[in-house]
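First comes the structure, then the notes that go with it.
The values are calculated or read from the model by the stated rules, or taken from the named source; none is laboratory data. All figures in this text were calculated on a predicted structure; none of them were measured in a lab. Note that each Cβ is placed from the backbone with ideal geometry, even for glycine, and that neighbours are counted across all protein chains shown. To get the accessible areas, we keep the full protein, side chains included, count just its heavy atoms, and leave off ligands, DNA and RNA. Shrake-Rupley method; radii C 1.70, N 1.55, O 1.52, S 1.80 Å.
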Amino acid sequence: MPASSVGNDVDIDIGALFASLWRNKLRILVGSLLLTALAFLLMSLVSPKYRAETRILIETGESVFTRPANQQADDRPVLDQEGIKSQVELIGSSDLLKRVIVKLDLAKNPELSAGAEPSALSRLFGAVGIGNNPDEETRDDYILQSVRDRLLVYNVAASRVIVIQFSSKDPALAASVANAIADEYVATQQSAKSRANTDAAGWLQPEIADLSQRVKDAEAKVAAYRGSSDLLIGQNNAVLATQQLSELSTELSRVRANRAASEASAQSVRAALAKGAPVETLPAVMASPLIQRLRERQVQLNNDIADLSASLLSGHPRIRALRSQLADLNNQIRLEARKVLGSLEAEAETARLRESQLTSSLNELKKQSSKAGEEEVELRALEREATAQRQLLESYLTRYREASSRTDRGYLPADARIFSRADRPIEPYFPKKIPMTIAAFVASLLLLSIITLLRALFSGQALRPAANTQPVVAEAITAPVAVRDIPEPARPVVEAAQPMAEPVAPLAADIHEMPEEPAVSEAKEQQAELDTSAVEAPAEAPAIPTGHSGIANVATRLMASGAARAVVVSPEGDEASALTILLVRELADRGVRVILVDMTGSGEIGRSMLDDKNLPGITNLLVSEKHFSDVIHPDHYSQAEIIPLGNHDPAKAMQSVGRLPMILNALQSAYDLVVVDAGPATVVELKHLLADGTELILGVVDPDDPDVAATAKAVYDAKLLEPELLTPFEKEHLRLDSGRIVRSA
């Protein structure tokens, strides 16, 4: 059964291919066994290599008992991924490897120093002074490079584990070098910490001495300023002036309260005496001991008068004597009340004087307290400075003691731990004879099979003639222009002899004397053969509308013909070019990827489809001023695209008109149909716009226009392609008959 065609007359026979494999099966098998045996022999001659590995875990070496006092548990130095990568680079550094080489005396190892031994020629050149002496300068570098070639250091992904691998022909050497590198790395970490502690202690010691002196000076300044400013400290660490001011304010408030009470009591007594009211009921009067005794005598006399009034008349001498004593007692009480009033007034005056004195003292203390506050600000600043210096000194002393104790005791835990030391490997890692032998057998079997298949193909044993099939008429109808897929040779670039005088002429006006290519004539012959076979085919082809000049009919004709390019001639100018716009939009509405190239010279098509925008177009593309992406614009009213006339000088653009065929061919490879409106182009100009797979269309608005008739006659006389008529008429159709436009109902 044929799988695929390799030409126009042969197919690949899959059965013949596999038959060639079966015929040569013994040769393929024997060859594979020989190649496998050769590979096994080569692997047996190779010295086995052993690999040992040591694993290091990056973690903090401090415990909860040895961690510095100022370091919290969450502040332990755990390296991130970048830090671990840095440690990997440190393990593979030249300085560390050189120390390992000296420690294990690897320079005397024959395996590592094999490349370091100079040849006899190098020794001879070194003896006569030509080149460097390899014994002195390059031996250590050779050994270091040999160690580095056998060393592999990497970090296990998503972990803080570093793996050190070393390969060697000697398994003991592989294990010892890997362990020695790990030990040297840990020792380097401890040495770095020791050096850091020593440097810290050496830096802290003079700093502490200097800081101690600064603390003394700061505290002396505080004491001197306190003595000079007379800022005595009372209770609660308050300045004495401020404390006295508070106490004096309290005393003043008490004196003012007493004065107010005395004045109120005196006022009440004075009012009672003025009104003649009894004063013995007033609290201030009753507080006097004499008034209390007189009041008791008054009560007794009233009782006696009441007792005697029961047996004696009011005019009795005894009763009159008692009443006389009572009157004298009342007068004495009022007299004593006046004395109490005088005492209260004197007390109020005394309180008033005391208040005035306290107010004066208070004002004096306010001034002193204000001055003391200003001086206290300066004092607090000096105290803060002294406190800061003292705290810094204490922190330095703590750090110095910790650094000194660690250095003296030699306790320097590294931030790395070897948790898996390398053991002497038992099996070599290279070569793996059994897996590699199997792989060699499979590879050789596959290689010999491919060679056998290629021989069968190139010798023609697996090829057979292709079956002759008649072309289908439908294919001939839908793809008559398949010849356009034949690669077209590069067209010669023909420059215009003279620039265009007026831009209104079509841009195709100067495409002259371009020779018809051989590919075009061959394509026409193949097209004629396809047409002949289509006519002679027994199948009946679907009818293609002919003689229909409406826009929809022309669009259907173009789609059915499979044309890659359509050249529209508009003898009537911009009025007929409007039909081209309608045709392009009709094709776009039917799903055809179509692009319109405006070569009318007036540029009216581009302005109509782009809303009067002056955008770059075909003239800019001809002079290589813009790229295709810059000159191709979407139609504002359909899915079609357009290349407008452009904004470059048409006369200068026509000097590069030789690039036009290349541009149109490039557009044909990207679009289903390229429509070129050539405006009122002549027959000479049209000849060079027509190519394989091109349809010629004549735009007609007024069939009676003499320019239309002249163009149709010229096309017929030049024996160009039979043009399609593009008209706005739907009911009355037009057709061409020997170059004349004829109406047909």
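Brief remarks on what is shown
- Scanning region 548-571 for residues that are open to solvent by 40 Å² or more (accessible area, probe 1.4 Å) and of a type outside the set (A, V, I, L, M, F, W, C) turns up His548, Asn553, Thr556, Arg557.
Residues are listed down the side, and each one gets a yes or a no for (1) modelled with pLDDT under 95; (2) buried (at least 16 other Cβ atoms within 10 Å of the Cβ); (3) farther than 30 Å from Leu204 by Cα:
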| residue | (1), (2), (3) |
| --- | --- |
| Leu412 | yes, yes, no |
| Asp423 | yes, no, yes |
| Ile426 | yes, no, yes |
| Tyr429 | yes, no, yes |
| Lys433 | yes, no, yes |
| Ala439 | yes, no, yes |
| Ser444 | yes, yes, yes |
| Leu448 | yes, yes, yes |
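- Among the candidates Glu345, Glu355, residue that is touching a Lys or Arg at 6+ places or on another chain (Cβ under 7 Å) and at pLDDT 75 or above: Glu355
- Subset tally (residues that are open to solvent by 40 Å² or more (accessible area, probe 1.4 Å), part of a helix (DSSP H, G or I) and in contact (Cβ under 8 Å) with a residue 60 or more places away in the chain) for region 35-51: 3
- Region 623-671, subset surrounded by 15 or more Cβ atoms within 10 Å (Cβ to Cβ) and among the charged types (D, E, K, R), residue farthest from Arg590 (Cα to Cα): Glu625
- Tabulated pairs, region 439-450, first farther than 20 Å from Leu17 by Cα, second part of a helix (DSSP H, G or I) and open to solvent by 60 Å² or more (accessible area, probe 1.4 Å), C-beta under 8 angstrom, 6+ apart or interchain: Ala440/Leu35; Ala440/Phe40; Phe441/Leu33; Phe441/Leu35
- The one condition from (1) of a type in the set (A, V, I, L, M); (2) surrounded by fewer than 16 Cβ atoms within 10 Å (Cβ to Cβ); (3) closer than 30 Å to Ala264 by Cβ that Ala351 does not meet is (2).
- Flag: Leu322 matches the condition of being crowded, with 17+ Cβ neighbours inside 10 Å and without any contact (Cβ under 8 Å) to a residue 40 or more places away in the chain.
- Filter result (closer than 18 Å to Phe441 by Cα and either under 58 Å from the mean Cα position of the chain (by Cα) or open to solvent by less than 60 Å² (accessible area, probe 1.4 Å) (or both)) within region 13-28: Leu21, Asn24, Ile28
- Set Ile181, Ile84, Ile143, Ile101: member being at pLDDT 95 or above and among the aliphatic types (A, V, I, L, M): Ile181
- Region 166-183 - residue that is polar (S, T, N, Q) and touching a strand residue (DSSP E or B) at 6+ places or on another chain (Cβ under 8 Å) and, of those, nearest to Leu104 (Cα to Cα): Asn179
- Annotation note: of Tyr400, Tyr396, the sole residue that is under 30 Å from Ala192 (Cβ atoms), touching a residue at least 12 places away in the same chain (Cβ under 8 Å) and open to solvent by 50 Å² or more (accessible area, probe 1.4 Å) is Tyr400.
- Helices (runs of 4 or more DSSP H) within region 600-662 that include 3 or more residues without any contact (Cβ under 8 Å) to a residue 24 or more places away in the chain: 628-631
- Residue match in region 228-236 (condition: open to solvent by 60 Å² or more (accessible area, probe 1.4 Å), more than 30 Å from Ala327 (Cβ to Cβ) and either at pLDDT 70 or above or among the small types (Gly, Ala, Ser) (or both)): yes
- Within this structure, Gln213 fails the test of being part of a helix (DSSP H, G or I) and in contact (Cβ under 8 Å) with a residue 24 or more places away in the chain.
- Considering Thr359, Thr407, the condition of being touching a helix residue (DSSP H, G or I) at 6+ places or on another chain (Cβ under 7 Å), open to solvent by 50 Å² or more (accessible area, probe 1.4 Å), of a type in the set (Ser, Thr, Tyr) and part of a helix (DSSP H, G or I) is satisfied by Thr407 alone.
- Pairing residues of region 187-206 that are within 16 Å of Ser395 (Cα to Cα) with residues that are aromatic (Phe, Trp, Tyr), at Cβ distances under 9 Å and at least 6 apart in sequence or on separate chains, gives Ala200/Tyr400; Ala201/Tyr400; Leu204/Tyr396; Leu204/Tyr400; Gln205/Tyr400.
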